[in-house]
1. I want to check the label-to-label distance for Arg180 and Asp219. Put each point 7 Å from Cα in the C-beta direction and report it in nm to one decimal.
2. Can you classify the stretch 24-112 as rounded, prolate or oblate using the Cα gyration tensor, where a ≥ b ≥ c are the square roots of its eigenvalues, rounded means a/c under 1.5, and otherwise it's prolate if a/b beats b/c and oblate if not?
3. Suppose the chain between Tyr29 and Ser161 were pulled fully straight at 0.36 nm per residue; how much longer would it get relative to their current alpha carbon spacing?
4. With 10 angstrom as the radius, rank Arg90, Arg182 by how many other C-beta atoms surround their C-beta, starting from the fewest.
5. Which order do Cys227, Cys253, Cys79, Cys261 fall in if you start with the one that has the fewest other Cβ atoms within 10 Å?
6. Once every Cα of the stretch 126-266 carries one equal point scatterer and solvent is ignored, give the base-10 log of I(q)/I(0) from the Debye formula at q = 0.10, 0.18, 0.20, 0.21 Å⁻¹, two decimals.
7. Under the 0.36 nm per residue contour assumption, what length would be gained going from the current alpha-carbon distance of Lys87 and Ile147 to full extension?
8. Let's see if you can work this out: charge +1 on each Lys and Arg Cβ, -1 on each Asp and Glu Cβ, no other charges. What is the dipole magnitude of the stretch 24-112 about its Cα centre, in debye to the nearest 20?
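Derivation of every value follows stated rules applied to the coordinates shown; laboratory data play no part. All figures in this text were calculated on a predicted structure; none of them were measured in a lab. Every residue, glycine among them, receives a Cβ derived from its backbone with ideal geometry; neighbour counts consider all protein chains shown.
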Amino acid sequence: MQRAPREQPIELQLPLMYMAPGCTLAYGYAQVDNISRLTDLREKIEGEGIALRLLYAYTDRTGNKAFGIFVVDLSMSQCDVRQVASKLKRLPGMRSVEIQNPTCSLAALQNSLPRVVNEPVVTIGRELIGGTHKGIIDALGDSGETILYLLGREAGHRAASGIPNLLKSLGLALTPELIRERFNDLRVFGWANIVALRINDEFCGDVLLSEDFEAMAWDGKAPSPKCHWLRGFLEGSISTLTDQILKVSEPDCQAKGDRYCKMIFQK
């Protein structure tokens, strides 16, 4: 018996986003006296017929203060979110709990867009944005490289500008370990993979990156390093976090055939 031919997979150029069609979603946050309280919060809220997914959790070194950001799915619940938040606030160790008004399906995506430093996130394909940066340099030469670097530095400053106040509100101090954690955002955002990272107590060091979206556009044929926007971004963000002037250089770059992109940040 002859089998029907398999359908060819559809080639997708852009990343996909799970939109949970038909679900009623809401964002929330909680400040607690210990990170283990977030487990109590989950158990209590799920007892109301609401599913909870924790997105981020921050805690200080002593472990006596924590902050959690979460998404709740109210599709199977008839509860009013204000009543639910009021009940959660009465749990032991809860300092504050807030839940936004829920929205449905596509409306939830529109009204609850992911945000970075209060700015809505737009998803763009890596090849598209990397090719755009290459096109700017091809058209404008050195001035295009300078423009990308300056734009990256400003973007890095804006991305990091809210973190010092957040740390202050949580009673935390900036540490090299915290900056190491923030470097993981490069991977989360799809900009690059981190191969190795070194940071000393003066917040100087270097990082090896692979598959940097700017470098990949050049197929290893560039005459010089080309990660100007990302170099500026790292410089702006680290300088803003540490409140000191740091410079970032890129001696090695996959754009010119090196094994990795190496970024060195120093005073």
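1. 3.9 nm
2. It comes out prolate by the Cα gyration axes.
3. 45.5 nm
4. Arg90, Arg182
5. Cys79, Cys253, Cys261, Cys227
6. Taken in order of the listed q values, log10 I(q)/I(0) reads -0.32, -0.99, -1.20, -1.31.
7. Here the segment from Lys87 to Ile147 would lengthen by 16.4 nm.
8. 260 debye
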